[in-house]
């Protein structure tokens, strides 16, 4: 038994000597026994002289680190969590016990002072000499939620590294598979954009899928703070192709506009996904490098000698670059592995930053106050969704956001606060209430598609949709037969804002999230004079009023564990209410105008792109957790009304965008 635990039990003098003799006996070296006796005698004489005692302990650590026949220093001086102490041992007289919320502190006795000095020495030594407790080695193993790992010091000699210092080289391999069955039953044949019925009606959808297969390689290299991650994504759903990055012809000597097939210049509008699908796709999903900077200690600053109910906390500043999860859409930030229903909500898919395809960015992050506070800022490539970089415009985007956790419970075993966690579900069964509030913004200026093509603007969907969804650039496509796309939209910007509050307590969870999107800065190419023409529901030419288009969305979702940590019942309501697709306004024609190059009059529609249209999603379901989030079975039933416009997420979510209906989904998830 090591010195650390004996001191923790409050045994001094002869008991310390007996314990050290026992430890030395296990080492199996008689000469070490004499050294330990001398050390204990020296400690007894110098108990009131802290400086000299610490020097002796430092010498002892150096001796242990240099002699391979001795027991590693970590087994003698390891800092033990309170929960690991034998149950029969009581705290020193006068010590107070925490109530789960208010951390307590030890009585200041000579023994506590002695223990404080030992812990300080151990902590400082391990910080300055990583792995000093034993020769460099290699470790392998499995950690739940982190996967299989390989850790190594430089030039290892294959002895395990057991002290508390961090190892510079680590590789963790993990994976996840989601296998699903989806059935979507269509219930109408109304084009909610034009308010016209169509025949034949859209077909139902019934498929067994491997919706997501994710393989991760992650860890650290050269420095424990230098992190990396590579992730591959596979699916049998297929990936939508691009629309050949069609360009609305400008004023230069470009090929005839019809050869591009761009909206407004004689060709068919581009379809969602480009009309082509690559099946059983495998793609790069994430790939980033990150570096963590450990800042000064907060709170008590106690280092390794923290009193009961406290611990050393260091704020962390992180720099990260590469393909990564954008900080936008709370449920997406937490990840599809931790989703509370089979997939994200309709409103989340409509307003998200990347169609859950990740995006490339340079990011700075900051964590503080026991990890209650998280701040981030990201410079992105713009409106990205698995787009090749060479097809995107030159303008960057910007994402910024934060969250803060209120409440929480002190965890004596982990020696830190149990806060919100990583899921909308209260899988941790929070003993005390905890509330996470946060917000984010996604600012995306976009350049002219007459120069850079369609792909970034193609992500912006109209809030009122025809079957399979409607892109705004396909809606504001100019007048038929007009050369050069003069009166089609050529440029606009997208600014989206997000806020949320999510609550956990004793298996109950409740989340409310709101989005608001502003589309602004609409322009034609120079020949159009910023007069954008579109077609009404009955096919007449009408003049786009310009200005700002506003769309809002909301999510209200809650769950409760009827069997703690095993069976959860969930309900959800999601809505999108927006003006970006109200082509007919209130149906009244205010007048007609002439637009250069357009045959016949162009109508002005009252409240066009100002009247709001609403779509709704209602869902109920359950989750059964076999091994937490690692192995779970989820099923839900949902109903869609109003022509759900979230086309970007129609494939993974299972519904048919723009078509009302009801859906049954069931999913099994395995992760390691």
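Table for the structure above
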item: Qualifying position, being in a loop (DSSP other than H, G, I, E, B) and either at pLDDT below 95 or in contact with a strand residue (DSSP E or B) (Cβ under 8 Å, 6 or more places away or on another chain) (or both), among 199, 170, 218; result: 199
item: Residue among 506, 436 that is buried (at least 17 other Cβ atoms within 10 Å of the Cβ), assigned by TED's automatic domain parsing to the domain that holds residue 658, out of contact with any helix residue (DSSP H, G or I) (no Cβ under 8 Å at 6 or more places or on another chain) and touching a residue at least 40 places away in the same chain (Cβ under 8 Å); result: 436
item: Boolean, residue 393 is surrounded by 18 or more Cβ atoms within 10 Å (Cβ to Cβ), in the same structural domain as residue 335 (by TED's automatic domain parsing) and farther than 20 Å from residue 332 by Cβ; result: yes
item: Some residue of region 638-648 being assigned to a helix (DSSP H, G or I) and in the same structural domain as residue 237 (by TED's automatic domain parsing); result: yes
item: The lone exception for residue 568 - which of (1) more than 30 Å from residue 238 (Cβ to Cβ); (2) surrounded by fewer than 23 Cβ atoms within 10 Å (Cβ to Cβ) it fails; result: (2)
item: Selection within region 411-433 - crowded, with 18+ Cβ neighbours inside 10 Å and in contact with a helix residue (DSSP H, G or I) (Cβ under 9 Å, 6 or more places away or on another chain); result: 415, 421, 423, 424, 425, 427
item: Residues of region 396-410 that turn out to be within 19 Å of residue 449 (Cα to Cα) and either surrounded by fewer than 22 Cβ atoms within 10 Å (Cβ to Cβ) or free of Cβ contacts under 8 Å to residues at least 24 places away in the same chain (or both), as a count; result: 1
item: The listed residue being assigned to a loop (DSSP other than H, G, I, E, B), buried (at least 16 other Cβ atoms within 10 Å of the Cβ) and at pLDDT 95 or above, out of 288, 344; result: 344
item: Yes/no for residue 383 being closer than 30 Å to residue 620 by Cα and surrounded by 20 or more Cβ atoms within 10 Å (Cβ to Cβ); result: no
item: Filter result for residue 460 (touching a residue at least 60 places away in the same chain (Cβ under 8 Å) and over 30 Å from residue 592 (Cα atoms)); result: no
item: Flag for residue 240 being under 30 Å from residue 637 (Cα atoms) and within 28 Å of the chain's Cα centre (by Cα); result: yes
item: Residue within region 578-593 that is touching a residue at least 40 places away in the same chain (Cβ under 8 Å) and surrounded by fewer than 16 Cβ atoms within 10 Å (Cβ to Cβ) present; result: yes
item: Those residues of region 506-545 which are at pLDDT 95 or above and on the phi > 0 side of the Ramachandran plot, in sequence order; result: 506, 507, 521
item: Which listed residue, of 668, 656, is in a strand (DSSP E or B) and either surrounded by fewer than 22 Cβ atoms within 10 Å (Cβ to Cβ) or in contact with a strand residue (DSSP E or B) (Cβ under 6 Å, 6 or more places away or on another chain) (or both); result: 668
item: Pick from region 449-468, criterion at pLDDT below 90 and over 26 Å from the mean Cα position of the chain (by Cα), ranking: surrounded by the most Cβ atoms within 10 Å (Cβ to Cβ); result: 449
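The values are calculated or read from the model by the stated rules, or taken from the named source; none is laboratory data. Note that the structure is a prediction, hence the values are computed from the model and not measured. Glycine also receives a Cβ, built like all others from the backbone with ideal geometry; neighbour counts cover every protein chain displayed.
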